[in-house]
Amino acid sequence: MAQHLLRFPRFLPFVAASVLAACGGSEDDPGDGPGPDGACVRNITGDLKAATTWEPGAQQCTYAVTGVVEVSGALTLAPGTVVRFGPDAGLLIMPTGSLNAVGTEAAPITFTGTTATPGSWKGLAFKSNNPANVLEHVVISYAGSESPFCCDFFHGPGGSLEVRAAVVVGSQLQDSVSQVRIANTTVEKSGTLGLFAFNKARLPGFSRNLFRGNLGAPVTVSLSIASALDATTVYSGNSATAPVANGDNTVHLLAAPEADTATAQTVHKLDVPYGISTGIPDTTVEYAGALTIEPGVRLQFEAMSGLRITQTGSLVARGTAADPIVFTGRTETPGYWKGISIRSLDASNVIAHARVSHGGSDPFCCDAFTNAGDIQGNITLGGNSGRGRLQLTDSLVSQGTGWGVFVFKDSAFTQSANTYEGNTGTVGYAAP
């Protein structure tokens, strides 16, 4: 017995090293070890500059993140990994870094807060264009704190609005593209938005996701990347299990610099309406590329905001009798939003089987006037310094302050089977 007692201490270093290795740590990393309940916990407090893998291991270790951890190397998470974030903690994926979190349906990867309170931690922010950035079979909960990532995550007029979301892709000051593939992922119980993607962001393979119980909107993106949003994703929170609506059950579309809109985009029909410039009134959303709107899409514009198709752009909004397209105000009162301005002569411009209502809040800047005064209405074609073309069929144009449609000099307007109700005037033409 005495011999065994004397020899036992020789095994202590081996035992300690084995426990730490099982937790994903090392002998010289005092952050590894058992948590309060004896479970294996790996504490993450510093930036990650080298290639790193997080995995549960045989001891089913979890990871505890304190503060904002900058990832400038390749971070890979194995299926079943659980990461818990302390107050206002988060992962910031830098331009040289990547985050590859690919779980499985049976073993999803979990990012959550140490406190089960919406907004208890910041979230995940991507400033990287690495195609290895993937969130698949992932659950992200309780992120979206009121404290945004520093220091270039803002948007809106003059960068006056800070971005707070569970997942952020891109940044305002970043010249290069950022991307992440998000599929089969649940974003829930954010204290603010679910997902925010800047105009230079890319969301390849975005599909079959679920946004539920977020206190803000499920998704906010620029109109310049609207095509990325797919109809297989649930934005309404109406899941088969534990359905919870979001605080603002609309997908927000924001204006982008004109140079970023010179691409073809399709606005898909989703299970919620789109909110155009929500929270940013008096904004003209310009589009310089080919913009297609699918049947059944509902677009709700913020006060005094509107849609303008520029000279190089086009608008194809072709609904059906059973599934019309709706352009209206966030509040349905006459003259709530600017309306639609078409400054393009593209022969494909068409609005069919649509309902355009409550526009005409104020004229589009800066040539929407005639000798008789400013021109307001639900739809305007051209202006004093430009022309427009539109075919309008089988549509209801109603409740506008000003004209239902106003056609400026040398613009081309053809129509059939339309109804005009509650506008100050039906169709007006500028004097030749």
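If you go through the stretch 277-298 and keep only what is touching a residue at least 40 places away in the same chain (Cβ under 8 Å) and either within 22 Å of G247 (Cα to Cα) or in the same structural domain as G156 (by TED's automatic domain parsing) (or both), you end up with T278, G279, I280. For N378, indicate whether it is farther than 24 Å from V221 by Cβ and in contact with a strand residue (DSSP E or B) (Cβ under 9 Å, 6 or more places away or on another chain). Judged against the criteria, N378 is a match.
Of the residues making up the stretch 40-64, those that are more than 17 Å from G113 (Cα to Cα) and surrounded by fewer than 19 Cβ atoms within 10 Å (Cβ to Cβ) number 12. When residues in the stretch 257-273 are screened for being surrounded by 22 or more Cβ atoms within 10 Å (Cβ to Cβ) and touching a helix residue (DSSP H, G or I) at 6+ places or on another chain (Cβ under 8 Å), 1 of them pass. Out of contact with any Gly (no Cβ under 8 Å at 6 or more places or on another chain), outside any loop (DSSP other than H, G, I, E, B), surrounded by 15 or more Cβ atoms within 10 Å (Cβ to Cβ) and touching a residue at least 12 places away in the same chain (Cβ under 8 Å) - does that describe any residue in the stretch 142-152? Within the stretch 142-152 (the criterion being out of contact with any Gly (no Cβ under 8 Å at 6 or more places or on another chain), outside any loop (DSSP other than H, G, I, E, B), surrounded by 15 or more Cβ atoms within 10 Å (Cβ to Cβ) and touching a residue at least 12 places away in the same chain (Cβ under 8 Å)), the answer is no, since none of the residues qualifies. The residues in the stretch 150-200 that are farther than 24 Å from S120 by Cβ and among the hydrophobic types (A, V, I, L, M, F, W, C) can be counted, and the count is 4.
So, S361, is that one closer than 14 Å to S305 by Cα and in a strand (DSSP E or B) or not? In short, no. Within the stretch 178-201, which residues are on the phi < 0 side of the Ramachandran plot, of a type in the set (K, R) and in contact (Cβ under 8 Å) with a residue 60 or more places away in the chain? Selection gives K200 alone.
Cβ-Cβ distance below 6 Å, separation of 6 or more or different chains: which pairs start in the stretch 217-228 with a residue that is farther than 14 Å from P204 by Cβ and end on one that is aromatic (F, W, Y) and not in a strand (DSSP E or B)? So the pair list comes out as P218/Y235. Taking the numbered list (1) crowded, with 16+ Cβ neighbours inside 10 Å; (2) touching a helix residue (DSSP H, G or I) at 6+ places or on another chain (Cβ under 8 Å) in turn, L99 passes all entries but (2). Counting only strands (runs of 3 or more DSSP E) that fall entirely inside the stretch 174-273 and contain at least 2 residues that are assigned by TED's automatic domain parsing to the domain that holds R164 and of a type in the set (S, T, N, Q), the qualifying elements are 219-222.
Applying the criterion of at least 1 residues that are buried (at least 19 other Cβ atoms within 10 Å of the Cβ) and in contact with an Asp or Glu (Cβ under 6 Å, 6 or more places away or on another chain) to the strands (runs of 3 or more DSSP E) found wholly in the stretch 371-415 leaves 396-398.
The values are calculated or read from the model by the stated rules, or taken from the named source; none is laboratory data. The model shown is predicted, which means the values in this text are computed figures rather than measured ones. With ideal geometry, Cβ positions are generated from the backbone for all residues, glycine too; neighbour counts draw on all protein chains shown.
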